[in-house]
Every structure is written in structure tokens, then in C-alpha cells.
1. For residue 320, all conditions in the list (1) farther than 20 Å from residue 390 by Cα; (2) modelled with pLDDT under 95; (3) among the polar types (S, T, N, Q) hold save one; what is the number of the exception?
2. Could you check, for region 215-228, whether at least one of its residues is of a type in the set (A, V, I, L, M, F, W, C), touching a residue at least 40 places away in the same chain (Cβ under 8 Å) and either under 14 Å from residue 507 (Cβ atoms) or in a strand (DSSP E or B) (or both)?
3. Mind checking whether some residue in region 124-139 is under 17 Å from residue 262 (Cα atoms) and either without any contact (Cβ under 8 Å) to a residue 60 or more places away in the chain or within 27 Å of the chain's Cα centre (by Cα) (or both)?
4. What's the number of the only condition in (1) of a type outside the set (S, T, N, Q); (2) more than 26 Å from residue 597 (Cα to Cα); (3) surrounded by 19 or more Cβ atoms within 10 Å (Cβ to Cβ) that residue 548 fails to meet?
5. Quick check: is even one residue across region 154-164 of a type in the set (Val, Ile, Thr) and in a loop (DSSP other than H, G, I, E, B)?
6. Name the one entry in 450, 445, 492 that is outside any loop (DSSP other than H, G, I, E, B), buried (at least 23 other Cβ atoms within 10 Å of the Cβ) and of a type in the set (A, V, I, L, M, F, W, C).
7. Out of curiosity, is residue 582 surrounded by fewer than 24 Cβ atoms within 10 Å (Cβ to Cβ), farther than 30 Å from residue 318 by Cα and among the aliphatic types (A, V, I, L, M)?
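The values are calculated or read from the model by the stated rules, or taken from the named source; none is laboratory data. Source: prediction; values computed, not measured. Using ideal geometry, Cβ is built from the backbone for each residue, glycine included, and neighbour counts are taken over all protein chains shown.
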Amino acid sequence: MARTANYWSRLLTGRIARRRAIATTGATALGTAIIAACGGGESGGESKTSSLGLLTQPEDTIKQAKTGGTVKDRTHGDVATLDNAPGSVTFNAIGNHVNSSLLATEPGYLKRSENKIIGDFAESWEWSPDGLSVVLKLRQGVRFHNKPPVSGRLIDVQDVLFTWDRFSRISAARSSIVNAVNPDAPVVSLTAPDSRTIVLKLAQPIIYAPGLFTGTGGGSFVMIPKETDSSFDSRRDIIGIGPFYLSNYTPSVGFTLKRFPEYWNREYALVDQIDLPIVPEYAAALAQLKAGNLYTMGSSGNIPQVRLGEILQVKREVPQLLVYQGDMARGAILTGFGWQGNSPFLDERVRQAFSMAIDRDLYLDTFHSVMQLEADGLPVESRWNTAMEGIEKNEGFWLDPKGKDFGPNAKYYQHDAAEAKKLLSAAGFPNGLEVPTKFVTGGELPNIPLRAEVLNGMVNEIGIKTSVTAINYTNEYLPKYRDGNGQWEGVLYKGGGGGVGSGDPVGELSNWWWSKGGPTFFGFSTTGKNDLAGDPELDTMIDKARIERSTERRRALAFDIQRLVAKRAYGFLTPGVATGFLMAWPALQNFRVYQGARANYRVWIDTTKPPHSA
């Protein structure tokens with residue numbers, strides 16, 4: 001672990017130096033000086049800029065839009081399969097363009113999305129009076145992509161039934177939705193009483209059930225043709241009903257997507273093509289961005305953007321590149337405990353010590369450059385995650401552990417190495433303990449290794465010594481660890497996938513902390529028997545929140561769940577989130593106008609602006 005110790009030493013030294021520099025120079029003065037060095041002011045005819053001349057505000061230029069052209073984007077890796085069902089993270093950059101589900105999340109216009117659900121293949125829906133059914137009316141005249149063997153035929157209700165059957169049998173996320181697979185999952189059946197109607201029958205009146213049918217990424221319920229697995233091999237190609245279709249995939253080279261002219265929403269896609277070269281190395285991608293060969297570093301999520309600490313330097317080198325405020329940056333890494341054998345994590349005090357060893361502000365400064373960005377004059381908000389992420393879609397339900405309303409259990413999120421060591425000693429480990437840690441080191445989860453090193457460095461300081469084992473993404477991580485519910489030994493650092501998002505804060509809580517939550521459940525038990533029984537007190541609160549119609553009562557339950565999880569410390573989401581920033585060339589118009597939308601929604605290419613013109 002010499003590498004971790006050396007990195008950890010450099011990290012602490014750098015943090016102290018930065019804080020001293022900010023204290024001596026003053027954030028405003030330092031920010032003004034750096035912005036002046038960048039050239040400030042207007043650059044290349046971009047949209048409205050902030051008073052400091054650095055941050056570009058999104059501007060709706062749709063009235064000037066010209067159709068056609070190519071978005072030059074990137075992705076970071078090959079896909080093991082083009083089949084949506086396994087839920088590979090590298091598939092998401094493609095799936096979000098080509099797939100559609102029954103419903104969708106409405107994007108926010110020049111503001112944060114409010115997670116309102118709108119129609120997609122289903123144009124409307126309504127609840128039954130008892131809340132146990134959702135009736136959806138299918139949009140007519142919707143076609144599949146024009147590829148054999150379907151050749152652009154109309155999608156019909158039999159395709160929906162086939163999709164449900166296949167999803168129920170092989171999707172990585174089936175146990176989160178399909179009651180026949182998991183008796184605690186919400187959807188008992190999906191039936192079609194006629195050619196235009198789909199009925200979702202629910203086991204309980206789950207408030208966020210429609211949101212389970214809004215995803216388009218890997219593992220989600222997306223429309224596929226009934227020819228799949230017979231005359232069509234979904235491992236080698238994709239046939240969907242989304243706004244773009246996969247035109248070409250050359251392994252190790254990249255993907256080409258083209259506008260689907262028969263897509264039902266004619267206003268969605270304005271560009272003719274999206275190029276997604278595979279550029280796994282950050283330095284190579286940044287060089288391509290600065291050269292104008294990429295319009296942005298990656299717009300589809302799960303893809304490393306310009307490192308936040310480098311934004312000002314890149315702006316200085318290429319003044320025409322624009323800086324936009326993004327969503328709360330996550331960089332997801334979850335910490336799960338293994339419950340097999342005589343696990344030390346069966347003792348609550350060991351888990352609490354682990355939590356108190358994590359310096360969340362240091363983590364945010366390291367991976368979100370909070371202090372540097374503030375010194376540079378960029379508006380930054382940082383939040384510590386609790387049992388729920390402090391991201392936009394959880395606004396109003398996330399409870400700030402630094403606030404007065406969280407209560408005494410907030411202390412378990414405070415960095416306190418001395419108290420953590422006392423807890424370890426009380427648990428019978430006065431000299432610390434050694435635990436194996438596991439994480440993927442390949443390109444499929446590019447953010448994980450260094451983040452895992454930093455977290456290991458933090459817990460090493462209180463006497464939890466870690467031995468690292470790299471695991472293979474496809475053969476080990478996906479089946480045993482991501483979906484393994486804590487059935488291993490030691491500590492696992494993993495990405496945030498494995499379940500189906502609902503777009504609802506209580507749905508997120510159900511994913512991680514409810515014993516019936518499916519593959520994303522952390523696998524804990526209060527019985528000490530490694531039986532995945534969960535925590536009865538937590539389960540009761542989540543059961544109530546899932547069916548509660550009153551927003552205020554659901555919010556109160558969500559707050560109580562976060563307070564309890566802080567103390568029980570069964571696992572941890574990413575230590576925190578902070579304001580993200582993105583860089584893009586002015587040619588990419590309408591960038592960040594529709595926030596929370598699928599990638600490249602209503603963007604267009606202006607060839608009169610950089611990098612096309614000086």
C-alpha cells in the first residue's frame with residue numbers, strides 16, 4: 001500500500017497549502033487575478049456570460065437553429081454486448097440516445113428538472129382509484145428503427161408484452177420491479193386489454209411506480225422488437241424507437257449514431273449525426289477537446305469531464321472554450337460492507353468508526369476542487385450525502401447533516417479520528433484491524449480506483465488497514481459484487497448502478513436501505529446471521545414512505561430514515577456532491593438549456609462559431 005500512503009501524504013500536504021494560499025491571498029482577489037489571466041469577457045460569440053466573464057449562462061437559440069450537422073462527443077470504452085438487459089455502465093452513452101421507455105422525465109427549461117413524468121411511447125396514463133393500477137394509453141404511429149428484420153415497422157402491443165416478458169426473465173434490474181421474481185417488487189403484471197392500452201397492476205400503491213418506466217440506460221425497461229432472440233441478435237446491434245439509431249460500431253474505435261427521421265417527436269433531434277469515438281484516456285480526450293475535435297468531453301453521464309481543478313488552466317489555454325455550470329457532480333462510489341463469516345462490520349461501532357474516519361470536506365476538495373473553484377470565483381455549493389444523495393432530484397427530501405434539524409446522529413458524518421479510534425477499541429480492536437477491499441480497476445468504472453485509494457487512506461489513519469484486490473468488471477463485479485447484497489468479506493467500492501431509477505427520493509432510499517430493494521440493497525441484517533433480513537425499523541419507515549401520498553409526510557419519513565441510517569452506518573453513498581462545471585465549444589448551441597434531458601436534446605451546430613471559425 002505504499003502508493004496509497006504516498007498519495008495520501010501528497011494529498012494532505014496539498015490541501016494545507018491550498019488553504020493557506022486562500023487565507024493569505026483571499027478568494028476574491030485570487031479569483032479575479034486568475035480570470036483576468038484567462039482573458040475574461042466575451043469569447044467567440046458565446047451566449048450570455050457572468051459578470052466575471054467566465055461562466056456562460058445557457059441561452060435558448062432555437063429560433064436561430066439550423067438542422068443537420070454532427071455532434072462531436074466521446075465515450076470511454078467498448079461494450080461487452082449491445083443488449084440492454086445486462087445493465088453495463090458503458091452501454092449508457094449509447095442506450096440513452098437509441099432507446100425509449102413507456103414514460104420519461106420532463107427536462108427543466110433553463111433550470112433544474114423537477115422530475116415531472118411525461119409520456120414517451122405511452123402518451124398518457126392515469127391511476128386507478130385504489131392506487132393499485134396504472135393505465136397507460138400507447139402512442140399510435142410509432143416505428144422501430146429501419147433495420148432488418150423489423151425494417152421500420154410500427155411497434156405494437158405485442159412488442160410491449162414481449163419486452164416485459166424478456167425483462168422479467170433476464171434484465172439485471174428485474175428483481176427491483178417484477179413481483180414474480182421478487183415478491184416484494186412492485187409490479188405484479190403488465191397486461192394489454194386492447195391494442196392501445198397497457199395496465200400495470202401493483203402489489204401496493206407505490207407512489208413512484210410510473211417512474212420505474214422512464215429509464216433508457218442499461219438494464220432499464222426499454223422497447224425492443226418481438227423478433228429479439230429469434231431473427232434478431234441484440235448482442236450485435238440495437239433496434240429501438242429512440243430519437244437516434246446506431247449506424248455503426250467499430251470496437252476500440254467508436255460509435256456513430258444517426259437521427260431517426262421517423263421518431264415520433266420531430267422536435268427532439270436537430271442534428272443528423274452523433275460521433276462517439278472511444279477515448280478512454282483522460283489526457284487524450286482533453287487534447288482532442290482543446291484541438292476542437294470534440295465539442296465537449298462527454299454529455300451522456302458516467303464519462304469523466306474536464307477535471308474541475310483544471311478548468312481555469314484549460315480556459316487560459318483555449319479562451320474560446322465555454323464554461324457552464326452543471327448539475328451537482330457525483331462521481332459515484334458506494335462503500336459496501338461484506339457480511340460473510342465473522343465480519344467485524346457486524347458491530348455497529350466499527351461501522352460508525354469507518355464513517356467518522358471519512359473526511360468528507362477533504363474528499364470534496366480532492367475530487368470536486370471545492371476550495372480552488374471558490375478561489376477562482378466560480379459559484380460552488382457542496383453537500384455531504386446521507387442515506388440519500390444531495391443532488392437536484394432529491395431537493396426538499398435530502399436532510400443536511402450540517403444543519404440544525406438533523407439532530408445528534410449528524411456526529412457520525414463529522415470527521416473525528418480520535419473518536420473513531422475509541423469506537424474501534426470499544427469494539428475489541430484497540431490495535432486496529434485489517435480488511436480486504438475490492439474494486440474494479442478497468443475502464444468500465446474509471447472514477448473508482450483513485451477514489452477508493454483516498455477512502456482507504458482515510459480509514460488507514462484510524463487503524464483499519466486495507467489490502468486491495470482488483471476484480472474483473474464482467475465476470476466478478478457485476479454478478480457477485482454489484483448485485484451481491486454484501487455476500488463477500490471486507491469492503492467493496494462500487495459504482496452506483498444495478499437497480500432501476502424511479503426519479504423519486506423515496507425510491508432511492510428503497511434501493512439501498514430496504515431489505516426488499518433488490519440488487520442494490522446493501523445486504524445488512526440486525527440478526528447477525530448474514531440473512532439479508534435488513535433492519536425492521538428502517539423497513540417499516542420505508543414501507544410507509546413508499547405508499548404515502550402526502551408530500552409532507554413522505555418528506556418527514558425520509559428525514560427520519562436519514563437520521564437512523566447515519567447512526568446504523570450500514571453502508572455509504574459517495575461522501576458528497578458539489579456543483580459541477582462543464583466545458584463546450586460555442587458551436588454546440590442550446591447546450592445545458594434543457595437540464596435533466598437525455599443527451600443532445602434539441603442541441604444544434606452553429607458552424608459560424610468556434611471551433612469552426614477563429
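1. (2)
2. Keep residues of region 215-228 that are of a type in the set (A, V, I, L, M, F, W, C), which gives 221-224.
Cutting the leftovers down to touching a residue at least 40 places away in the same chain (Cβ under 8 Å) gives us 221-224.
Filter once more, keeping what is either under 14 Å from residue 507 (Cβ atoms) or in a strand (DSSP E or B) (or both): none.
The answer is no, given that none of the residues of region 215-228 is of a type in the set (A, V, I, L, M, F, W, C), touching a residue at least 40 places away in the same chain (Cβ under 8 Å) and either under 14 Å from residue 507 (Cβ atoms) or in a strand (DSSP E or B) (or both).
3. no
4. With respect to (1) of a type outside the set (S, T, N, Q); (2) more than 26 Å from residue 597 (Cα to Cα); (3) surrounded by 19 or more Cβ atoms within 10 Å (Cβ to Cβ), residue 548 is out only on (3).
5. Checked against the condition, which is being of a type in the set (Val, Ile, Thr) and in a loop (DSSP other than H, G, I, E, B), region 154-164 yields at least one hit.
6. Criteria check complete, one pass: 492.
7. Details: surrounded by fewer than 24 Cβ atoms within 10 Å (Cβ to Cβ): yes; farther than 30 Å from residue 318 by Cα: no; among the aliphatic types (A, V, I, L, M): yes.
In short, no.
Quick grid of which residues meet (1) of a type outside the set (Ser, Thr, Tyr); (2) in contact with a helix residue (DSSP H, G or I) (Cβ under 8 Å, 6 or more places away or on another chain); (3) buried (at least 17 other Cβ atoms within 10 Å of the Cβ):
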site: 416; (1), (2), (3): yes, yes, yes
site: 420; (1), (2), (3): yes, yes, yes
site: 434; (1), (2), (3): yes, no, no
site: 437; (1), (2), (3): no, yes, yes
site: 459; (1), (2), (3): yes, yes, yes
site: 469; (1), (2), (3): no, no, no
site: 473; (1), (2), (3): no, no, yes
